[in-house]
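Below: one structure, written as structure tokens.
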Amino acid sequence: MPTSTKSRSGPRRMLSDYALYAPIGAGQLVVEKTREASKKAWTVAQKRRKGVLKTYEDLAKRGEKLAKGIQRSAYTQRAIGQTEAARSQVKAAATSVRKAAGSTATATRAAARKVG
């Protein structure tokens with residue numbers, strides 16, 4: 001098979017070149033647009049992240065301020081004092097019941113010995 005050293009040129013050559021180059025150009029365009037979209041998405045995400053963090057910090061500060069106000073409140077201090085007094089009374093009552101139960105058990109045993 002003889003090979004021709006003569007190169008193809010003309011409209012046919014241009015058409016075949018365009019048929020090859022058009023998909024390559026389209027692929028490059030897709031890559032460029034994807035990069036642009038990716039950069040835009042990253043920028044938007046960073047802005048939203050900063051906004052969310054700022055909102056979170058603001059809410060945390062408001063909560064801290066409210067909690068401190070409640071802790072310093074006279075009503076809260078009074079409730080804490082009453083709770084401590086009630087705890088002490090419950091502890092004393094538990095001790096009294098335990099001692100009474102022990103005394104009752106001892107008295108019951110002594111009565112059973114006398115009867116039996």
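The values are calculated or read from the model by the stated rules, or taken from the named source; none is laboratory data. From a predicted model like this one, the values you see are computed outputs, not experimental measurements. All accessible areas refer to the heavy atoms of the entire protein, side chains included, with ligands and DNA or RNA removed. Shrake-Rupley method; radii C 1.70, N 1.55, O 1.52, S 1.80 Å.
Solvent exposure of the chain amounts to 96 Å² per residue of accessible area, where only protein heavy atoms count and the probe is 1.4 Å.
Which values, in whole Å and largest first, are the semi-axes of the equivalent ellipsoid of the chain obtained as the square root of 5 times each eigenvalue of the Cα gyration tensor?
Values: eigenvalues 1823, 168, 7 Å².
Values for the chain, descending: 95, 29, 6 Å.
Taken along its three principal axes, the alpha carbon spread of the stretch 31-81 comes to 70, 11, 7 Å, from the longest extent down to the shortest. Between 0 and 90 degrees, the angle of helix 74-115 with respect to the longest Cα principal axis of the chain falls at about 50 degrees. Reported to the nearest whole Å, the Cα centre-to-centre distance from the stretch 101-116 to the stretch 18-43 is 98. Heavy-atom surface analysis with a 1.4 Å probe gives the chain a carbon and sulfur content of 62 percent of its accessible area.
A straight Cα-to-Cα reach below 28 Å connects Lys33 with the lysines Lys47, Lys50, residues fewer than 8 places away in its own chain not being considered.
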